Structures are given as C-alpha cells and as structure tokens.
1. Against the condition more than 10 Å from every other protein chain (Cβ to nearest Cβ) and free of Cβ contacts under 8 Å to residues at least 12 places away in the same chain, how does A:Met224 come out, does it pass?
2. Quick one: which residue in A:Phe154, A:Phe170, A:Phe125 is in contact (Cβ under 8 Å) with a residue 12 or more places away in the chain and surrounded by fewer than 17 Cβ atoms within 10 Å (Cβ to Cβ)?
3. Since A:Ile205 meets every condition but one in (1) out of contact with any Ser or Thr (no Cβ under 7 Å at 6 or more places or on another chain); (2) within 14 Å of chain B (Cβ to nearest Cβ), which condition does it not meet?
4. So how many residues does the stretch B:113-148 have that are free of Cβ contacts under 8 Å to residues at least 24 places away in the same chain and more than 23 Å from B:Gly277 (Cβ to Cβ)?
5. Determine whether B:Leu69 is modelled with pLDDT under 75 and farther than 16 Å from B:Leu315 by Cα.
6. Would you mind stating whether A:Arg105 is within 14 Å of another protein chain (Cβ to nearest Cβ) and loosely packed, with under 15 Cβ neighbours inside 10 Å?
7. Give me a count of the residues in the stretch B:149-172 that are facing chain A (nearest Cβ under 10 Å) and part of a helix (DSSP H, G or I).
8. Any idea which residue in the stretch A:135-172 is modelled with the lowest pLDDT, counting only those that are among the acidic types (Asp, Glu) and within 16 Å of A:Phe186 (Cα to Cα)?
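The values are calculated or read from the model by the stated rules, or taken from the named source; none is laboratory data. Keep in mind it's a predicted model, so treat the numbers as computed, not measured. Cβ sites come from the backbone with ideal geometry, for glycine too, and all protein chains shown count toward neighbours.
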Amino acid sequence: MKNNGIVLEFLRRPSAVIGLTILALQIIAVIFAPMIAPYSPIEADPFASLEAPSVAHWLGTDVSGMDIFSRIVYATRINLLISITAVIVAFAIGVPLGLLIGYYRGLLSATVMRLFDFIQSFPVFVLGMALVSVMGQEIWNVAIVLAVLFIPMFARLIRAEVLSLRERPFISAARCSGATDLAIMFRHILPNAMTPAIVQISISIGMAILLTAGLSFVGAGVRMPTPEWGLMVSIGAQQMILGVWWVALFPGLAIVLAVLCFALLGDAAREVADPTARRR
Amino acid sequence: MPLIQYWRVLPRPLRIVAGRLIMIVPQMFGVMLVTFLLVRLLPGDPALLMLGNMATEEQIIALREKLGLNLSVYEQFMQYAGNVMHGDLGVSPFTSNPVVVDLLERAPATLELITYAMLLTILIGVAFAVISVIRPKGAIDYGSRVYGLAAGAIPDFWVGLLLIYFFFYVLGWAPAPFGRVDALVTPPPTVTGFYTIDSLLAGDLNAFFSAVGRLLLPVLTLAIVNAGALMKMTKTVFADAYRSDFIRHQRACGLSERTIVRSALRNSLPPIITLVGFLFGFLLGAAVLVETIFSWGGLGQYAVQAVINSDYAALQGFVLVAAAFILVVYLVVDILYELADPRIKV
C-alpha cells in the first residue's frame, strides 16, 4: 500500500515521465538493435564515406562509410552496459563498506576514510584516464575504473546516514534486547540509511555515461570499431572544422538524451524521497 | 604550554594559514602513494613499459635500479617519494625530456585557459543565480532552470565541437582551433606564461588580440558546461540568505535593493568559495578534453598524448601535478573560507 503511494507520487512528476520515456526508448534500442538498425554497426563501406543525412542513411555516414544511425543504436548497448554495471558494482561495494566504517569507528575506518580523501582529491576524469590507460583499454576495465571512482561516493553517503542513525534510541533498544552487531547493522540501520544512496544511483549512471564517453573521446576507453558514443564524436571531431557536422552531432545528442534521462529520474526520485527538498 | 600561547597571540589570518599549511604535508604524502600505486598496477615490467620499446638493455637495468624494483614495496615507495621531492619525475621516452621540464613548459597554457574559464563561469553562474532568485518566475528564472538541467547533461567536448562548427566554419568569427596564437604571430617573451598578459607587457597588441581570439571558444566551452552546476548551487545558497530574517529586516528598514542583494551575496560567500574550489578540479579534468579539441598544447593535451603513447612516466607525472594543484587550490579555498566567515574559530 505504502509502496504504491510512492510509485504514484513518482509518476505524477513530469520529470519522471520524460525520464521514463527516454529510458523506454533506450531499452528498446538495446533489445531490438539488430531489427532497428538498417546497417551493420561495424562494417565499413568505402564508397559511402561522409554521406550527408538522406533516405538511405538517416543520420549520414562517417569517414569510413559506417551508418551513423545504426552505430548510435548499437552503441546504446555498450554505453548503458558500462555505466550501469559500474554503478551497480560501486553500489554493491560502497554501501556495505559505508555501513561498516560508519558503524565501527576504529583506526581501520579512519584509514579507509583518508584513502577516500586521497582518491577524491584527484580530478575524476584525470584519475579515470590514467587508470584505464594503465590497466589496458578494455570495455570491462572502463567499467571497473568507474566503479572504483564511485565507491567513495556511495560509502560516504551511507556512512553519513549511519553516523546519525547509530545514536538513535531505537538502535539502543535493539542492542538492549540482545540484537547482534550484524543484525543491528543490516536489519535496523541499513534499511533506514539507503534512501540517499538509492537516489544517487540514477545520477551516477548519468555521470558514468559522460565519463565513459569522455574517456573514449581522448582515446582512453573503448576502441574502434566498437560502436560507442564518445568514440563516434571523436571520429567526427576532425571533420567538424571542415563543415561536416552530422558525424559528431548525432552521437553527442544521444549522450545528452541518455544523461538527461537519468538526471531527470534522479531529480524526481530525490523529490519523492525527501519532500522537504522540493524545488525552490 | 608556551607554544600554545604563542599560537594564540598570532593574528587570526596567520593562524588560519599556518593551521592549513601543516595539513598539506600528509595530504601530499597520500597523493604520492596513489600515483605510486598507479604505476604499480601496470601488468608486466614497469621499467620496460615506462621506457617504451626502443629502450636498450642497460637503460632498462638502470631504471629498474632507480625504481628499486628488486626492493620491498615499502622501500620502493620511499625511493619514489624521495625522487619526487627532488623534482625528479622520470624522463619521457617520447619527448626525451625530463617530465618535470615538459610539465613546466605546458602548465601556463592550461592555467591561462582555466583561469579565464573560471572567471567567466563565476560571472555567468552567480549572475543567473542572483537574478533568478530576486525575480522568481521571470524569463531568466525559467531559462536558468532549463539551462541548469541541460548543462549537467552536455559533454564538454561536444559543446566545443559545436562552437567550432558555428563560430569558425559557419560564421567565420572565431579563429581556427589550432593552438594559443595565430601561426604567423610570434608568441610574446615569457614573463608570466599567460600570453594575454605577456603580450601586453611586451606592448604587442597584435599578439594580444590573437591570443584573446584563440581563448574565446575554449573558455566559452568550459564556462557553458560548468556554469550550470555553479548556478544551481549558488541559487540554493543565495535563496536561503535572501529569505533570511536579517534581509527582511533590512528591507523593513528601507535599504535599497542593491544594498540588500550585496549583503545577501556577502553572506552566501563562504559556501560559494567552496564550490569554486571544487570547480577548479572539474575544470582541470575538462581541460584535458577541451585542449585536445583546440590543440592547446597544455598539460591536458600532454596527458592525452601520454595515454595514446603509453608514456607512463609522463602520465604519472601529470596525475601527480594535477592532484598537487587541486590540493593547493583546496588549501587556498579553505583559507579564504575561514577568512570570509569570521564565525569560524581557529
């Protein structure tokens, strides 16, 4: 009953509706890519190089004659796969870690927090670029690196909640009635501490999409001929100066739409989760 | 005890600065640890990878010796830290210069870019935030809301490309996106390293206008993408100050709107200073992408080249310098924050 109310509350927001619509489009692109895309995403056609958008090629072709529309559709798979995997891994590691370092406040917890400080004192993009290049430019390495960069964020969010929750009377009550540390942490504290981290998931996926695209753009991410949005923009970058706009424009739009989708969903989720943080 | 008494006698600004300066030592140490571990992650022989394929047997043995690869990890780290503190970041096999020399040569280009981008970002972000708070539901309020949402979703490298297309290719207003001055203009003699300042010092107006023209698009790119975040956060902070009791009191006393806005801004200054510090970090990361597009020849482009060439000595050096730069920015930010908010006890 209560959950139904939250879902309805969420769906009443225009930002949630727009976000969900874009998300649905992306999911369709992911599942039905072979049926939607008129051409192969990795097959070059030297006779169709740099063709402007037309009936045959809806969004034109790039320098090696690959169909841009087909590549954008297929790239949804790679981009969402990397970003969502990275955020799920970061969430799965960051949440229990934050719970532990919030609940046990010993030397080890302090050390972990300092380690987070060090990781977060690097510009995210710079550290990501260095890590991917050192580990090898594979799709999975990009996801792992993004996960590592996001772990401190989730752990900090949970820790901040845990720190205030652990002093509350209901925790003392649980302890008095003989609950073990594990039971207190996972049954009593965690469910009450999850909300900010869950809201952060959606926003983090958007950030991950931007970072993935940026990494591929500078050549520290996915490699050709894999269809990936950032990589596609970088292929169009040289031609932009010569007035060939479609190669870089459309994959960029795909990035904007995808990030916007997760940002809108995140905003709506935050407003539902925390009614005091309504729009000003 | 006497030491503490000396401490208390010190003037407040001095206490703030001294307190913060002590903190930076362990932070720098941590940053060095991360960059050290970064290269330790390399699969295979770091010496071989750092020197590249052209290395001779003696070079590899020498570097292995220097990196201390046969020592324990702890001793290796101490050795690395020692090298860094002597300003030795290794030699880049691609430019065959010491990495420190390469970085110092390119740092002014990046600093000039992000300084101007920062100024424009603050100008746009704060101006829109203030206007949309004092004129709610107006065109600017509505526009800024859309902009705030969109700016967070737009990749900076894509904005840069669109700007090049419109302002260089279609309209022809902007100069070609290749480097910091026109190829036919000689760069001004180095004083500060900022072309805009150096050219004025040398009295070379030609070079000055060329440098300004080249700066326009990259600076605009960085500002468009980053001002959105600053605007959103400034709006929250400023709206709180603008609706607080002391502002209501000022208005009741009949002070002019101008004075009221100014004092509300003064009171929201400390959080804004913190945000600006964070923005420097974002800008440094974004500069990597934007420099690549505009062939800027700064630190960011050097780092991208290092990634493409698998030049790990250069990459490690860049990451270290970037983090050290951010630490110094945060240090300055913390000091300014405490100076701007007299309530904070030191």
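1. Working: more than 10 Å from every other protein chain (Cβ to nearest Cβ): yes; free of Cβ contacts under 8 Å to residues at least 12 places away in the same chain: yes.
Criteria met by A:Met224.
2. Values: A:Phe154 fails: surrounded by fewer than 17 Cβ atoms within 10 Å (Cβ to Cβ); A:Phe125 fails: surrounded by fewer than 17 Cβ atoms within 10 Å (Cβ to Cβ).
None of the other options fit; the residue is A:Phe170.
3. Condition (1) is where A:Ile205 drops out.
4. Matching residues across the stretch B:113-148 total 12.
5. Working: modelled with pLDDT under 75: yes; farther than 16 Å from B:Leu315 by Cα: yes.
For B:Leu69, the condition - modelled with pLDDT under 75 and farther than 16 Å from B:Leu315 by Cα - is met.
6. Values: within 14 Å of another protein chain (Cβ to nearest Cβ): no; loosely packed, with under 15 Cβ neighbours inside 10 Å: yes.
Spelling it out, it is not the case that A:Arg105 is within 14 Å of another protein chain (Cβ to nearest Cβ) and loosely packed, with under 15 Cβ neighbours inside 10 Å.
7. Here is the first cut: in the stretch B:149-172, the ones facing chain A (nearest Cβ under 10 Å) are B:149-150, B:152-166, B:168-170.
When the remaining residues are screened for being part of a helix (DSSP H, G or I), the result is B:149-150, B:156-166, B:168-170.
So the count comes out to 16.
8. In the first step, residues of the stretch A:135-172 are kept if they are among the acidic types (Asp, Glu); the result is A:138, A:161, A:167.
Subsequent filtering for residues that are within 16 Å of A:Phe186 (Cα to Cα) retains A:161, A:167.
Working: A:Glu161: 87, A:Glu167: 83.
Among those that are among the acidic types (Asp, Glu) and within 16 Å of A:Phe186 (Cα to Cα), it is A:Glu167.
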